[in-house]
Amino acid sequence: AITKAFPPIIGESPIIKKYWSKLERYFPEHQLLLLSKSNELIGFINTVPFHFNKNLNDLPDRGWDWMLKKGIDDHENKIEPNYLGGLQVIVKSEFQKQGHSKSILNHAKDHIQKSKFNNLIIPIRPTKKHDFPKMSMTDYLKLKNKNKVYDPWIRTHLNGGAELIKVCEKSMIMIGNIEFWERMFKKKITTSGSYMLSGVLSLVTIDIENDTGEYVEPNIWIKY
């Protein structure tokens, strides 16, 4: 499942709720584990094969949501996949900051070559973007720290040989009524506007009059 590495709102995704249970059932061979010498789980990457016959610059704005749904739909419609999509890379907390995410990505890169996929494609979720929820993802990409790309997760991918394709502005979308958002914020909401929710990458838009709120998460398409 989507783990505690992400804010609770991510687990509320209708796409995750509908499709995630099929992922391991349909594609067990593409869920890649990193184990220690004593066979303890260090981390893993969840991936989904999918078919795409256009230029990668034409990958859709819907990013993560689109990719998971596309992989499941392609399988059910017996469409042969030609790309492998990375959904999440997780390193267990006790093993973090030891370079294991790089090992997991290397494992995935080896896997695409053995499985003869064109590329590994990932709509990545930068790890520090939540500190800048009002900033566009395009501007965030330009942030530097000591002449290096500011975000450590983007840096990890670039150092590992990934190429940035483009921002996918609507990679995940969560819509709910005011009662739903009050549960997420753990407080009463009485006015419309933009709200900051802990851990999210952009602001939540609340519309009291229409009893609705929307969170649209931008990600960044990359390829190996």
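The values are calculated or read from the model by the stated rules, or taken from the named source; none is laboratory data. These numbers were taken from a predicted model, which means no experiment stands behind them. Every residue, glycine as well, gets a Cβ built from its backbone with ideal geometry; the counts of neighbours run over all protein chains shown. Just the protein is used for accessible areas: all its heavy atoms, side chains included, with ligands, DNA and RNA removed. Shrake-Rupley method; radii C 1.70, N 1.55, O 1.52, S 1.80 Å.
At-a-glance table
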read-out: Selection from Tyr215, Pro152, Ile121 lying farthest towards where the dipole of the chain points positive, charges on Cβ; value: Pro152
read-out: Range of Cα positions in the chain per principal axis (Å), largest first; value: 54, 48, 39
read-out: Per residue value of the accessible surface for the chain (all protein chains in place, 1.4 Å probe), Å²; value: 53
read-out: Heavy-atom accessible area order for Met196, Met137, largest first, 1.4 Å probe; value: Met196, Met137
read-out: Heavy-atom accessible area order for Lys142, Lys134, Lys92, largest first, 1.4 Å probe; value: Lys134, Lys142, Lys92
read-out: Region 21-48-region 107-177 distance, computed between alpha-carbon centres (Å); value: 21
read-out: Area of Ser194 that stays accessible when all protein chains are in place (1.4 Å probe, Å², to 10); value: 80
read-out: Unit Cα scatterers, Debye sum, region 86-165: log10 I(q)/I(0) for q = 0.15, 0.16 Å⁻¹; value: -0.61, -0.69
read-out: Relative contact order [Cα under 8 Å, 6+ residues apart], the chain, whole percent; value: 21
read-out: Probe 1.4 Å - accessible area at Tyr150, Å² to nearest ten; value: 70
read-out: Listed residues Glu217, Glu94, Glu209 arranged by accessible area, highest first, probe 1.4 Å; value: Glu209, Glu94, Glu217
read-out: Rounded to the nearest 10 Å², the accessible area of Thr191 at probe 1.4 Å; value: 80
read-out: Calculated diffusion of region 1-68, Stokes-Einstein form, Kirkwood radius summed over Cα pairs, 4 °C and 1.567 mPa s, µm²/s; value: 92
